[in-house]
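To start, the structure under review is shown below, and the notes come after it.
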Amino acid sequence: MATLGIIGSGNIGSVVAWLAVDAGLDVVIANSRGPESLADKARTLGVQAGTVDEAARAGDWVLVSIPLGRYAELPVAPFAGKVVLDTMNYYPRRDGRIDRLDREVVTTAQLLQERLPEAHTVKAFNNIAARNIVTLARPADAPDRSALPIAGDDVEAKAAATDLIRMLGFDVVDVGPLSESWRFEPETAAYVTPYLSKAKQHPDPGKPLPVARLVQLIAAAHRPPVARRDV
């Protein structure tokens with residue numbers, strides 16, 4: 001049975017873990033506080049709690065869902081050869097200013113790839129709210145299936161990430177290399193809002209976003225003013 005390693009036990013990590021278990025995958029989840037802190041959550045989700053090293057080494061894919069400001073704390077060796085799905089976004093108030101991002105020299109995913117040079121980074125799951133990952137996941141033959149964008153420099157890694165995302169209930173739009181991943185980061189047209197139904201009920205059940213519409217949003221993207229971004 002294939003295994004998904006998850007680094008980060010917050011909203012995104014938790015809902016992806018839940019979908020992965022539902023899809024029949026084994027899951028090993030980790031955070032910076034150690035497996036003991038995850039005992040209750042692991043039991044509820046039906047996953048295994050481990051250390052960061054254990055989750056990274058176990059995964060056929062490894063989802064990294066931590067605050068961007070802590071990406072440099074990730075150990076390098078356990079990620080060698082892994083397909084790493086990067087969900088991180090840059091929020092200066094939380095993460096501190098990162099000069100190369102402010103100057104648009106690199107993207108967030110390129111920073112992670114630099115940190116993990118022997119891994120194969122794919123940007124994914126960063127442009128949709130955690131609650132809508134749950135509400136919009138659909139079977140493969142559903143007519144109202146939503147699409148998520150990915151970006152990566154390695155063709156085989158993107159194919160592996162696509163397989164996982166499809167298993168979890170979404171179609172995929174390949175945006176290109178990591179340098180193009182800004183096209184679905186905060187303040188772009190493809191970020192969060194297209195998946196919201198704006199219904200008055202709480203929580204928002206979400207609105208399906210088909211492939212064709214996501215392609216349009218990606219193509220029309222304008223690079224947001226990262227240097228002025230805040231939360």
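Below are the figures for this structure:
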quantity: Loop trypsin sites (Lys or Arg not before Pro), the range 101-165, which have at most 11 other Cβ atoms in a 10 Å radius of their Cβ (DSSP); calculated: ARG103
quantity: Vicinal HN-Hα couplings computed from phi for the range 34-47 (Karplus, 6.51 cos²θ - 1.76 cosθ + 1.60; Hz; Gly/Pro x); calculated: x, x, 4, 6, 9, 4, 5, 5, 4, 5, 5, 7, x, 10
quantity: Relative contact order %, the chain, counting alpha carbon pairs below 8 Å whose residues are six or more apart; calculated: 17 percent
quantity: Relative contact order of the range 80-148, pairs being alpha-carbon contacts under 8 Å that are 6 or more residues apart, as %; calculated: 38 percent
quantity: Sequence-distant residues sharing a close amide H with LEU4 (under 5 Å, placed H); calculated: ASP26, VAL27, VAL28, ASP60
quantity: With DNA, RNA and ligands ignored, accessible area of LEU101 (1.4 Å probe; Å², nearest 10); calculated: 10 Å²
quantity: Accessible area, probe 1.4 Å, largest first, for residues THR44, THR162; calculated: THR44, THR162
quantity: Where the chain is the region considered: accessible area per residue in Å², 1.4 Å probe; calculated: 45 Å²
quantity: Of the DSSP H helices in the chain, those whose Cα atoms cover at least 18 Å axially and whose Kyte score averages -1.0 or more; calculated: 155-168
quantity: Reachable lysines from LYS158, criterion Cα separation under 21 angstrom, eight or more residues apart if same chain; calculated: LYS82, LYS123
quantity: Surface accessible to a 1.4 Å probe, SER37 within the full protein complex, Å²; calculated: 60 Å²
quantity: Restricting the range 1-72 to trypsin sites (Lys or Arg not before Pro) in coil, as DSSP defines it, with at most 11 other Cβ within 10 Å; calculated: ARG33
quantity: Surface share of carbon and sulfur [accessible, 1.4 angstrom probe, percent] for the chain; calculated: 51 percent
quantity: Against the rule of thumb 2.2 N^0.38 Å, how large the Cα Rg of the range 1-128 comes out; calculated: 1.01
quantity: Euclidean distance between Cα centres, the range 133-202 to the range 83-129, Å; calculated: 16 Å
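The values are calculated or read from the model by the stated rules, or taken from the named source; none is laboratory data. Predicted model, so just to flag it, every value in this text is computed and none were measured. Reconstructed Cβ throughout: ideal geometry from the backbone, glycine too, with neighbour counts over all protein chains shown. To get the accessible areas, we keep the full protein, side chains included, count just its heavy atoms, and leave off ligands, DNA and RNA. Shrake-Rupley method; radii C 1.70, N 1.55, O 1.52, S 1.80 Å.
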